[in-house]
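Scroll down for the structure; my scribbles are underneath it.
The values are calculated or read from the model by the stated rules, or taken from the named source; none is laboratory data. Just so it is clear, the model here is predicted, and its values are computed rather than measured. Every residue, glycine among them, receives a Cβ derived from its backbone with ideal geometry; neighbour counts consider all protein chains shown. Protein only, heavy atoms only, side chains kept; ligands, DNA and RNA dropped before computing areas. Shrake-Rupley method; radii C 1.70, N 1.55, O 1.52, S 1.80 Å.
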Amino acid sequence: MKIYKAKDYQGMSRIAANIISAQVILKPDCVLGLATGSSPIGTYDQLVEWYEKGDLDFSKVTTINLDEYKGLSPEHDQSYRYFMNHHLFDRVNIDKAKTFVPDGMEPDSEKACADYNEIIRQSGGIDLQLLGLGHNGHIGFNEPAEAFEKETHCVTLAEKTIQANKRFFASAEEVPKQAYTMGIRNIMQARKIVVVVSGIGKAEIVKQTFFGPVTPAVPGSILQLHSDVILVGDEEALSLIEETTQA
Ligand code: F6R
């Protein structure tokens with residue numbers, strides 16, 4: 001694993017965007033696995049800035065997002081499809097037909113998940129997966145559990161996750177209770193994984209995830225077994241770990 005420590009959120013975002021840019025430049029028709037949440041917003045802003053300068057071309061890129069709330073439509077301003085359109089897809093020259101997010105409006109969970117696994121398979125596999133890390137160690141919506149779920153599945157969100165996400169809704173009651181998420185195998189099959197973390201609130205879980213035991217109780221800990229993981233964090237999030245590459 002490679003670790004880059006940036007001074008702050010902006011620095012973290014620039015490093016992550018640089019890695020993604022390199023991927024897009026080296027393989028213009030690459031498949032990017034993308035995440036929502038507050039951690040990657042700065043990364044997307046930076047990518048948009050470089051696109052506007054003429055340095056990046058997304059026309060051949062395919063994207064596959066990690067997850068979506070079950071029951072939220074693409075028009076709902078808290079759906080992950082809406083988030084992606086707003087923060088990235090509507091701002092660059094990506095072909096929307098090549099951007100994939102699980103179908104939150106599909107009520108049949110089995111169908112929604114099988115369809116998504118097929119999309120991932122047909123894409124030829126994810127070249128670079130961008131991840132955030134939940135306060136409980138979740139990646140995508142793979143919550144702490146007794147076993148690692150392998151493929152796309154429907155999850156009931158942990159109370160901690162609902163509490164963390166309620167800031168985006170009028171109240172905790174309005175936060176959807178279920179979501180569709182890629183599974184651990186889907187994520188681990190990505191050829192390269194970039195994890196972005198910022199803020200002191202993530203320091204303890206970053207330490208547990210990357211330096212603690214590999215256990216489904218901390219889902220992100222499985223990343224220790226991937227051969228090409230890059231952890232990009234700010235000083236606060238990386239404050240409890242030692243080996244880093246200063247950036
Ligand atoms: C988002 C996702 C989640 C977030 C995680 C961290 O698509 O799958 O795993 O990456 O909850 O969220 P933030 O970045 O808001 O701290």
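Okay, here's what the table says:
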quantity: Close pairs (7 angstrom Cβ cut-off, 6 or more residues apart or separate chains): within 11 Å of ASP234 (Cβ to Cβ) in region 198-215, part of a helix (DSSP H, G or I) and of a type outside the set (Lys, Arg) anywhere; calculated: SER198/TYR9; SER198/MET12
quantity: Members of region 139-149 that are over 16 Å from HIS226 (Cβ atoms) and open to solvent by 30 Å² or more (accessible area, probe 1.4 Å); calculated: PRO144, ALA145, GLU146, ALA147, GLU149
quantity: Boolean, TYR9 is away from the ligand (no atom under 16 Å from the Cβ), surrounded by fewer than 22 Cβ atoms within 10 Å (Cβ to Cβ) and of a type in the set (Phe, Trp, Tyr); calculated: no
quantity: Per-region count, region 54-68, residues more than 16 Å from the ligand (Cβ to nearest atom) and within 13 Å of SER123 (Cβ to Cβ); calculated: 3
quantity: Criterion (more than 15 Å from GLY132 (Cα to Cα), open to solvent by less than 30 Å² (accessible area, probe 1.4 Å) and among the polar types (S, T, N, Q)) met by exactly one of GLN46, GLN78; calculated: GLN46
quantity: Odd one out for GLY37 among (1) in contact (Cβ under 8 Å) with a residue 60 or more places away in the chain; (2) more than 14 Å from the ligand (Cβ to nearest atom); calculated: (2)
quantity: Which listed residue is part of a helix (DSSP H, G or I) and at pLDDT 95 or above, from LYS166, LYS207, LYS160; calculated: LYS207
quantity: Among the candidates ALA172, ALA179, residue that is over 21 Å from VAL101 (Cα atoms) and either among the acidic types (Asp, Glu) or open to solvent by less than 60 Å² (accessible area, probe 1.4 Å) (or both); calculated: ALA172
quantity: Failed item, numbered, when ASP103 is tested on (1) under 20 Å from the mean Cα position of the chain (by Cα); (2) open to solvent by 70 Å² or more (accessible area, probe 1.4 Å); (3) closer than 14 Å to SER21 by Cβ; calculated: (3)
quantity: Residues of region 108-137 that turn out to be within 15 Å of the ligand (Cβ to nearest atom) and open to solvent by 30 Å² or more (accessible area, probe 1.4 Å), as a count; calculated: 1
quantity: In region 148-174, residue farthest from the ligand (Cβ to nearest atom) [restricted to those that are of a type in the set (A, V, I, L, M, F, W, C) and more than 19 Å from the chain's Cα centre (by Cα)]; calculated: ALA170
quantity: Those residues of region 43-53 which are of a type in the set (Ser, Thr, Tyr) and away from the ligand (no atom under 16 Å from the Cβ), in sequence order; calculated: TYR51
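For every residue, the table says whether it meets (1) touching a residue at least 60 places away in the same chain (Cβ under 8 Å); (2) away from the ligand (no atom under 16 Å from the Cβ).
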position: ALA16; (1), (2): yes, no
position: PRO28; (1), (2): no, yes
position: VAL31; (1), (2): yes, yes
position: ILE41; (1), (2): no, no
